[in-house]
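Below is one structure, written out as structure tokens; the observations come after it.
The values are calculated or read from the model by the stated rules, or taken from the named source; none is laboratory data. Predicted model only: the values in this text are computed from it and were never measured. Note that we place each Cβ from the backbone using ideal geometry, even for glycine, and neighbour counts take in every protein chain shown. SASA here: full protein model, heavy atoms, side chains in, ligands and nucleic acids out. Shrake-Rupley method; radii C 1.70, N 1.55, O 1.52, S 1.80 Å.
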Amino acid sequence: MNENPYLPAESIRKAAVKGMENVNRYSELKYLNELKKLIGKYSNIPLNRVILSPGSDFILREVINIFSKDRKIIMVNPSFFPVSQYAMKLALKLTKIQLSPPGFKLDPELFLNELDEPTLLIIDNPNNPTGASILDNKLVENILQNKNVLLLVDEAYYEFSGQTFAGLIKKYPNLAITRTMDKAFSLAGFRLGYLLAGDYFKDQFSDFPAFLSKPTLFAAIEALKNPEYVTKNIKKIISEKARIEEELKKTGIEVFPGSANFILIKCKIPDFARKLMDSGILIKDLSEEWLNGFYRISIGLPEENDALLSIIKNN
Amino acid sequence: MKKIGLIVNPIAGMGGSVGLKGTDGEIYKKAIELGAKPTTPQRIEETLSLIKREDIHFMVAPGKMGENSIGKFDFKYEIVSTINEETNASDTKRIVKKMLEKNIELLIFVGGDGTARDIYDAVGLNIPVIGIPSGVKMFSPVFALSPNAAAQMINNYTKELTEKEVLDIDEEAFRENKISAKLYGYLKVPKNITLLQAKKEPSNVSRSEEDMKEEIADYLMENLEKETLYILGPGTTLKTIADKMGVEKTLLGIDAVFNGELVGIDLNEKGLLTLIKMYNKSTIIVTPIGGNGFIFGRASKQFTPEVLKLIGKKNIVVVATEDKINKLECLRLDTGNIEVDKSLSGFTKVITAYKKETIIEVK
């Protein structure tokens, strides 16, 4: 699992506990609206374009449910695996574009040539598990100018990459963005995702129910009101990431540059993930879903990262 | 009790430490002269020490082919057949066939690519196998990642199986730092390849590999054109397509179908050229080799540069299951002719299921 190693601020945990009061009652609309307003402000988007969801993969699945009936789906491979598998199951027509090491680049021409019929494009940017930023403004606008196409960009790691296409949502009705508070906001246990919807998506999601519990709402509201801890933790994670990358490179392990909160490596040590697991360290072995020898390492606390490096160096 | 066969190739891997690339044929004697020590006992004993199941009754090859190692543990076992001081490939095949007569459900073997070939000769696709890697040449993707991974595969034995290629590597060429391989056959292996995979929750959206092959075949059948010669490359995916077409295909050969009739069996270059010239339109359907992604120049040498020049890139259809294609960085070519390689390289679409495709680079 790729999670934030740092707890959220104390005030957020207290807010969640406060949300436990009157749990015999459903979440009130005013709290949902308050959260939408805060997310809108945070994303620089009007609140009526914000759709809340328990986790961003939930809303990604819903997008597939709604739009796969009469559209081809295009995704890249690898991609966020649960969503990729769901698309494989549900899509009537699916095209995957293989991203290859070392650059994991998308060929814009190849990509645009595929948009000749009604299409839903789902792209995670930065990509998981490679960490590569595969979209830029020019490509995104080129895609969106094609009226046949709906583009959903999953920006789960936006806070780490600093790259977003949210500014294009007002201009392009066929663009939507999913984000999560699981990662940068350290709220994985609450599962809070949201969709920033262009007009076309907004209309389809007008009756989408809000499934959020009161403790989740209270925690998220507090987090967005006092987000200083987020900025601080991101800095710590990015700095630790750079340190681990440097140390890994010294051991001869191939490290791929990425802009998310994890590191993609290629390593020839046999049973690498299992050896680390025996020492209590879990990393993601990507050989089942993707390529042999590739692993995704999430950034832990400094002492956990030290332990990881020490095991690798002693192998 | 589960009846599991166990056989060790006692000379596999001996060439590695003394700089020989493999011990096929008589080369192992040179390895011994150079001071090589057997490596397989350590590999199988590592696996055996990690097996936690108590419901196994092993059917074991005698002496250094298994008995000597299993005797160090508390497993229930029975020795199958006898061997002489010196053993060779025919012993492996003979003993495995005896084990099959004793109704083993699964075979564990220790060795390298050469051993995998012998196991394929004896077992085919009849029962699943778990290969413990111990050879110098390890190009066939049938092996577990390590002795430990093999133990976990036995502990978490799944009946979900996948077919992996047995590759025939030419040792002489390999010694000259050239890799020359052709597809030798297929073995069935359990689908959980590592400990982590074995522990994963089963995905409720995954479909079996067989279903995927059926979907590929269904999709192709819907898009078959009349008056076109279809040349089917080797492999089980192509076999599934041939089954749908209602023709009997050779598993490892290249066969040709025209308007639903088999018009060529196990074709060589000459046969292919004759047929392609005879018909107005021809299409080759191939699947890449799992693990390395070669579509031409490895599995099917019959697709020579001449044949491929006549066919042209637009008349080549590539098919592969999602599982196989997801694990490839790219597709590869090595036809022996740079111009032909160049003309076939670039991006191509691979049919992975019904109306599902992956765009991947051919290098």
Test result for A:L144, under 24 Å from A:E62 (Cα atoms), in contact with a Lys or Arg (Cβ under 6 Å, 6 or more places away or on another chain) and touching a residue at least 12 places away in the same chain (Cβ under 8 Å): no
Filtered residue count, the range A:42-61, keeping only those that are part of a helix (DSSP H, G or I), open to solvent by less than 50 Å² (accessible area, probe 1.4 Å) and not polar (S, T, N, Q): 4
Check on A:R296, touching a Lys or Arg at 6+ places or on another chain (Cβ under 8 Å) and not in a loop (DSSP other than H, G, I, E, B): yes
Search result, residues across the range B:215-268 that are of a type in the set (V, I, T) and assigned to a helix (DSSP H, G or I): B:I216, B:T236, B:T237, B:T240, B:I241
Subset tally (residues that are open to solvent by less than 10 Å² (accessible area, probe 1.4 Å) and either within 13 Å of A:I39 (Cβ to Cβ) or at pLDDT below 95 (or both)) for the range A:188-211: 7
Residue list for the range B:351-360, filter: open to solvent by 20 Å² or more (accessible area, probe 1.4 Å) and at pLDDT below 95: B:Y354, B:K355
Members of the range B:221-252 found to be over 17 Å from B:I316 (Cβ atoms), open to solvent by less than 50 Å² (accessible area, probe 1.4 Å) and touching a residue at least 40 places away in the same chain (Cβ under 8 Å), listed by number: B:T236, B:L251
Residue pairs meeting the criteria (Cβ under 8 Å; at least 6 apart or on separate chains; first assigned by TED's automatic domain parsing to the domain that holds B:D266, in the range B:291-305; second hydroxyl-bearing (S, T, Y) and open to solvent by 10 Å² or more (accessible area, probe 1.4 Å)): B:I295/B:T287; B:F296/B:T335; B:G297/B:T335; B:F303/B:T335; B:T304/B:T335; B:P305/B:T335
Candidates B:A144, B:A149, B:A116, filtered to the one that is surrounded by 19 or more Cβ atoms within 10 Å (Cβ to Cβ), among the small types (G, A, S) and modelled with pLDDT of 90 or more: B:A116
Test: residue in the range A:277-288 that is over 23 Å from the mean Cα position of the chain (by Cα), outside any strand (DSSP E or B) and more than 17 Å from B:L145 (Cα to Cα): yes
Scan of the range A:75-108 for residues that are free of Cβ contacts under 8 Å to residues at least 60 places away in the same chain, in a helix (DSSP H, G or I), open to solvent by 20 Å² or more (accessible area, probe 1.4 Å) and facing chain B (nearest Cβ under 10 Å), ordered by number: A:P82, A:Q85, A:Y86, A:K89, A:L90
Options A:S161, A:S133: the member that is open to solvent by 10 Å² or more (accessible area, probe 1.4 Å), at pLDDT 95 or above and in contact with a helix residue (DSSP H, G or I) (Cβ under 8 Å, 6 or more places away or on another chain): A:S133
Listing of helices (runs of 4 or more DSSP H) fully contained in the range B:281-350 that carry 1 or more residues being more than 14 Å from chain A (Cβ to nearest Cβ) and open to solvent by 40 Å² or more (accessible area, probe 1.4 Å): B:305-311, B:338-344
Count of the range A:1-41 residues which are in contact with a Leu (Cβ under 6 Å, 6 or more places away or on another chain) and surrounded by fewer than 17 Cβ atoms within 10 Å (Cβ to Cβ): 1
Condition met for A:L282 (out of contact with any Asp or Glu (no Cβ under 6 Å at 6 or more places or on another chain) and open to solvent by less than 50 Å² (accessible area, probe 1.4 Å)): no
Tally of residues being touching a strand residue (DSSP E or B) at 6+ places or on another chain (Cβ under 6 Å) and either of a type outside the set (F, W, Y) or facing chain B (nearest Cβ under 9 Å) (or both) across the range A:286-315: 5
Residue check for B:I79: open to solvent by less than 60 Å² (accessible area, probe 1.4 Å), farther than 26 Å from B:F139 by Cα and touching a strand residue (DSSP E or B) at 6+ places or on another chain (Cβ under 6 Å): no
Residue that is nearest to A:T180 (Cα to Cα), among those in the range A:255-279 that are surrounded by fewer than 19 Cβ atoms within 10 Å (Cβ to Cβ) and away from chain B (no Cβ under 13 Å): A:S259
So A:K69, is it part of a helix (DSSP H, G or I), over 20 Å from B:F347 (Cβ atoms) and more than 21 Å from the chain's Cα centre (by Cα): no
Residue list for the range A:275-310, filter: within 17 Å of A:L264 (Cβ to Cβ) and without any contact (Cβ under 8 Å) to a residue 12 or more places away in the chain: A:S287, A:E288, A:N292
Members of the range B:46-72 found to be open to solvent by less than 80 Å² (accessible area, probe 1.4 Å), part of a loop (DSSP other than H, G, I, E, B) and in contact with an Asp or Glu (Cβ under 8 Å, 6 or more places away or on another chain), listed by number: B:A61
Residue in the range A:143-159 that is in a helix (DSSP H, G or I), closer than 22 Å to A:I97 by Cα and hydrophobic (A, V, I, L, M, F, W, C) present: yes
